Amino acid sequence: MRKLQVRELGRLAYGEAWDLQKSLAEQRKQGLIPDQFLLVEHPHVLTLGRNGHEENILLSRDRLAALGIEYFEINRGGDITYHGPGQIVGYPILDLREWKRDVVAYIRALEEVIIRTLRRYGIEGVRDPGAAGVWVNGAKVCAVGVHISRWVTTHGFALNWTTDLNYFQYIVPCGLTKPVTSMEQLGVRVDRAELHQTILDEFAQVYEYEPALVSA
């Protein structure tokens, strides 16, 4: 089994987590570390992907700042996304040359991890053929957006756990005029530690890893 180092970062500002991703990705490209999997929760933040459209942000920058919402333009695919408290964000930093050199397969596998995780709690998540992510009854419960450089991945998924969904009213999520939902809204209550472990178990199975927790 391939090795995977897991880092549980707690609640961490988006900029700090992004700097850590970039540092770990560069080390991974140089073969200095094995594959990594970061689990984190962010304070309120909007991130705009490289193909995004600023018109999908429905408030001014000043108003966002007044509401305590940070804003970053980043290099992942996709459009505008919200991250915040009560959302489980996963950042795999993997060298796909050691798995499959297939971007679509990688994204589908990420979705599979979340679909299997939700199924463990009685939620039937599905894919939308026209958009990355996982959906329940037509509402998005998990966003997926990635960047791949020299076959090393960054960014990942954001699963709405106990997320305050009101914050999505400030954007057109992922550029799609579709509703969002959360595990809590779907009637599932599970503590963070258990959910982290479930995600990790499914991730290790889908990608065939032997995970080991390391200090953040």
Problem set entry | Rounded to 5, the percent of DSSP beta bridges in the chain classed as antiparallel | 65 percent
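Please go through segment 103-141 and write out the chymotrypsin sites (Phe, Trp or Tyr not before Pro) that DSSP classes as loop and that have at most 11 other C-beta atoms within 10 Å.
Working: sites: Tyr106, Tyr121, Trp135; in loops: Tyr121.
Filter output for segment 103-141: empty list.
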For this session: Note down the nm distance, to one decimal, between modelled labels 7 Å out along Cα→Cβ at Gln169 and at Leu32.
Result: 4.6 nm
Exercise. How far is the Cα center of segment 158-197 from the Cα center of segment 106-147, in Å?
Worked result: 12 Å
Problem set entry | Accessible area in square angstrom per residue, segment 21-109, 1.4 angstrom probe | 42 Å²
Problem set entry | Spin-label pair Glu184/Leu9, simplified geometry with 7 Å Cα→Cβ offset, distance in nm | 2.2 nm
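Extension gain Asp201-Ala105, at 0.36 nm per residue separation less the Cα-Cα distance, in nm? Each step should come with its number before you reach the end.
Details: separation 96, 0.36 × 96 = 34.56 nm, distance 1.91 nm.
The span from Asp201 to Ala105 would gain 32.6 nm if fully extended.
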Seminar exercise, completed: Straight-line reach check, Lys3, cutoff 16 Å on alpha carbons, 8 or more apart in-chain or any other chain, hits among aspartates and glutamates -> Asp35, Asp95, Glu98, Asp201, Glu202, Glu208, Glu210
Exercise. Cα atoms only, segment 90-211: Rg and Dmax in Å?
Worked result: 14.3, 41
Seminar exercise, completed: Quotient of Cα radius of gyration and Kirkwood radius for the chain, i.e. Rg/Rh, equals 0.94
Problem set entry | Rounded percent of accessible protein surface that carbon and sulfur make up, the chain, 1.4 Å probe | 48 percent
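The values are calculated or read from the model by the stated rules, or taken from the named source; none is laboratory data. Remember, it's a predicted structure, so these values are computed and weren't measured experimentally. Because the Cβ atoms are built from the backbone with ideal geometry, glycine has one as well, and the counts that use them run over all protein chains shown. Side chains are part of the model used for accessible areas, which takes the heavy atoms of the whole protein and leaves out ligands, DNA and RNA. Shrake-Rupley method; radii C 1.70, N 1.55, O 1.52, S 1.80 Å.
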